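In what follows, a structure is listed as structure tokens, so that the remarks can point back to it.
The values are calculated or read from the model by the stated rules, or taken from the named source; none is laboratory data. For clarity, every value in this text was computed on a predicted model and none was experimentally measured. Because the Cβ atoms are built from the backbone with ideal geometry, glycine has one as well, and the counts that use them run over all protein chains shown.
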């Protein structure tokens, strides 16, 4: 008998019959060929979140983003007109990477009046126009207006900057983000500008790590040692059941109970958490800002009193966590090969006014890393054994519904791409 | 010459934990023995509430040098609390060779 009501079909999974309930294959996560197709079918043609508007505080602010999965690097810049644009990070002369700092593969950011290529000094305005060519008269009929930076589609949603590398994309960002894009609008993201960002190299397929964060079935077990012994025993006896799951096409969400704000039993809480009044779920007291008393409709969809956190999975690789105490987290997974990726975990809080508030956030940020290290290592172990193909079918339970949706969506994108672009080679005897 | 504010001279022996970045604090944690971590925690944890009260009386964005050092020491205490309160070892159990770097941290 589940603790929280499930849909009429008897399970969350069966509420979405296209998912099926049978065991799944993870071939899509261990195949170099499948990854090469994903690069074209997914990363080169969907909306990807690359940053937030606060990273571009002034006209002339810029940051670069390495998109290995899409085979390119981008410069995202706020022009003199205040508009945010995105360009392939390449000089139009002989293809040098335009914006980089000592190590070309590393991301960089700053403020500038124009971009100057280190190689031959070509200069570009922050709006993308080519404005200066060294020894221009040496060129043959060079029309500078034809050699501006190569732009890509860029749009913002609630301050999150997305790019789409498909020049033929006609789906606006807001439409792509669907029900959750609408249903999260109005959350005070813009008030949470205190940022703590982590980065890790993970030896696992990007989707397998998304999986680890898209279910909490593992939480009472893998992270058992994180809680006091009594609390751990209680949690693993109880198990994990979500308050709700929802899917919207490629995207999905899970709504969960949890957190201590403040805890009912101080004995269940670690000493440092007791003094700082914070923990994994964040500070025990909410920040005093507008927008938290009335949450937007996608948050806590079951309207449960015990609500603690919602996780939104925006396909392909952007996760947004809204925490009840009034802060949020994002996860990004940037593939670098079929079995490696860069994971970014970023915490956003309302800026602290006192040292106590700052220390509450420090505990949340440090706790996050303690948990994430356990996840990352486990996934590397998982990847190696999946690649053995000793076992090729894996049962998923109802709490793992978001995993079914992610892998199905990835495979569907690849299949759609293949059917559109793969042309059979016909060898004909006709002359 | 002291690093920490007067009133916290009992923590001077641990002033080398007053480190500005997460990378430095985490590296020192991993390089320390459990005895060293416990000695720091046992001295600093009982003073955490006092440190918070002292620092809360100052402007967080205009802290004098010795107050900043005390705040950094508190960040280290948060980090060290995990090995001492939970893990009984410096590294996160089941973390193997996994590592995670802090790419962006607040100015304060």
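A few notes on this one:
- Any hit, region B:52-61, residues being in contact with a helix residue (DSSP H, G or I) (Cβ under 8 Å, 6 or more places away or on another chain) and more than 9 Å from every other protein chain (Cβ to nearest Cβ): no
- Qualifying residue in region A:140-147 (condition: touching a helix residue (DSSP H, G or I) at 6+ places or on another chain (Cβ under 9 Å), more than 26 Å from residue A:322 (Cα to Cα), away from every other protein chain (no Cβ under 14 Å) and surrounded by 15 or more Cβ atoms within 10 Å (Cβ to Cβ)): yes
- Region B:1-51, residues that are closer than 24 Å to residue A:360 by Cβ, touching a residue at least 12 places away in the same chain (Cβ under 8 Å), assigned to a helix (DSSP H, G or I) and more than 13 Å from the chain's Cα centre (by Cα): B:50
- Boolean, residue A:25 is touching a strand residue (DSSP E or B) at 6+ places or on another chain (Cβ under 9 Å) and not assigned by TED's automatic domain parsing to the domain that holds residue A:385: yes
- A Cβ distance below 6 Å, combined with a sequence gap of six or more or placement on separate chains, defines the contacts here; from region A:175-191, residues that are at pLDDT 95 or above reach residues that are part of a helix (DSSP H, G or I) in the pairs A:181/A:174.
- Residue within region B:84-104 that is under 27 Å from residue A:373 (Cβ atoms), more than 8 Å from chain A (Cβ to nearest Cβ), in a helix (DSSP H, G or I) and under 12 Å from the mean Cα position of the chain (by Cα) present: no
- Residue ID - surrounded by the fewest Cβ atoms within 10 Å (Cβ to Cβ), chosen from residues in region B:52-68 that are more than 21 Å from residue B:1 (Cα to Cα) and without any contact (Cβ under 8 Å) to a residue 40 or more places away in the chain: B:62
- Top-ranked residue in region A:381-395 [being in a helix (DSSP H, G or I) and away from chain B (no Cβ under 14 Å); ranked as surrounded by the most Cβ atoms within 10 Å (Cβ to Cβ)]: A:386
- Filtering region A:274-287 to residues that are in contact (Cβ under 8 Å) with a residue 12 or more places away in the chain and outside any loop (DSSP other than H, G, I, E, B) leaves only A:276.
- For residue B:71, the conditions (1) touching a residue at least 60 places away in the same chain (Cβ under 8 Å); (2) within 25 Å of residue B:104 (Cβ to Cβ) are fulfilled apart from (1).
- Yes/no for residue A:245 being within 14 Å of chain B (Cβ to nearest Cβ) and either surrounded by 19 or more Cβ atoms within 10 Å (Cβ to Cβ) or within 19 Å of the chain's Cα centre (by Cα) (or both): no
- Residue in region B:80-104 that is surrounded by the fewest Cβ atoms within 10 Å (Cβ to Cβ), counting only those that are over 21 Å from residue A:222 (Cβ atoms) and touching a helix residue (DSSP H, G or I) at 6+ places or on another chain (Cβ under 8 Å): B:101
- Test: residue A:356 is out of contact with any strand residue (DSSP E or B) (no Cβ under 7 Å at 6 or more places or on another chain), modelled with pLDDT of 95 or more and closer than 26 Å to residue A:34 by Cβ: no
- Criterion applied to A:182, A:211 was being more than 10 Å from chain B (Cβ to nearest Cβ), part of a helix (DSSP H, G or I) and crowded, with 21+ Cβ neighbours inside 10 Å, and the one residue passing it is A:211.
- Residues that are modelled with pLDDT of 95 or more and farther than 22 Å from residue B:105 by Cβ within region A:319-353 comprise A:322, A:335, A:336, A:337, A:338, A:339, A:340, A:341, listed in sequence order.
- Residue check for residue A:161: under 32 Å from the mean Cα position of the chain (by Cα) and over 30 Å from residue A:189 (Cβ atoms): no
- Residue check, residue A:402 under 22 Å from the mean Cα position of the chain (by Cα) and part of a helix (DSSP H, G or I): yes
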